[in-house]
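No lab work stands behind these numbers, since they all come straight from the coordinates. Keep in mind it's a predicted model, so treat the numbers as computed, not measured. Backbone-built Cβ (ideal geometry, glycine too); neighbour counts: all protein chains shown.
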Amino acid sequence: MKILNDFDQRALDAAYAQACKSRDEGGIPIGSALMNRIGEIVAVGHNERVQSGDPTAHAETVCIRNAGRRRDWHTLTLASTLSPCAMCTGTAILHRIPRVVIGEHHTFLGREDWLASESVEVVLADDARCIELMERFIAQRPDLWDEDIGAPPAR
């Protein structure tokens, strides 16, 4: 596990709390938070795809939606408990978010390569809580996980 600075840890902790909230609601346990330069959490979100029926309601997208209209995207840090997928990576790039703190990428490696190619600073926490949360979920609900990441049903 990487030692994060206090601000990044605060953002990841807020994201983890959102992941637990989604799990407790019967959803996909992924959470996200946006933090400003002085360490304030300005928005949070969790995966709501199951709860809302919206296939685009991934944690990072919900978090960014919850942040509302802003002009300071280029100063924010996005934290996510899991490596962001292509859709969420694209949303972060579109809004020119310069830093992304990732809880883990063992259970799913998203588009960290795309973030890096756009000069986004990626901080991998390798957080044991995030890994354990996703490993347990994937073991218990492989069908729901495959649906979330777009894997076709087994034949």
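Based on DSSP H segments of at least four residues, each scored -39500 (n - 2.57), the chain has a per-residue ellipticity at 222 nm of -12500 deg cm²/dmol.
The per residue volume of the convex hull around the alpha-carbon atoms of segment 60-100 is 61 Å³. Under the simplified labelling scheme, the N36-C20 pair shows an inter-label distance of 2.6 nm, with each label point 7 Å from Cα along Cα→Cβ. In segment 1-55, Cα pairs under 8 Å separated by at least six residues give a relative contact order of 31 percent. Globularity index of the chain is 0.95 (Cα radius of gyration / 2.2 N^0.38 Å, N = number of residues).
Seen against the Cα atoms of the chain and their longest principal axis, helix 128-140 is set at about 20 degrees. When each of the peptides 100-112, 120-132 is scored by how many other beta carbons lie within 10 Å of its residues on average, the order from highest to lowest is 100-112, 120-132. For segment 116-155, the gyration tensor built on C-alpha atoms gives an oblate shape. Its axis ratio a/c (a ≥ b ≥ c) is at least 1.5, and a/b is not larger than b/c. Based on Cα contacts under 8 Å between residues 6+ apart, segment 45-144 shows a relative contact order of 21 percent. Put a plus charge on the Cβ of each Lys and Arg, a minus charge on the Cβ of each Asp and Glu, and nothing anywhere else: the dipole of the chain about its Cα centre is then about 440 debye.
Taking Cα atoms, how many degrees apart are the long axis of helix 6-24 and the longest axis of the chain, rounded to 10 and kept between 0 and 90? Relative to the chain, helix 6-24 is tipped by roughly 30 degrees.
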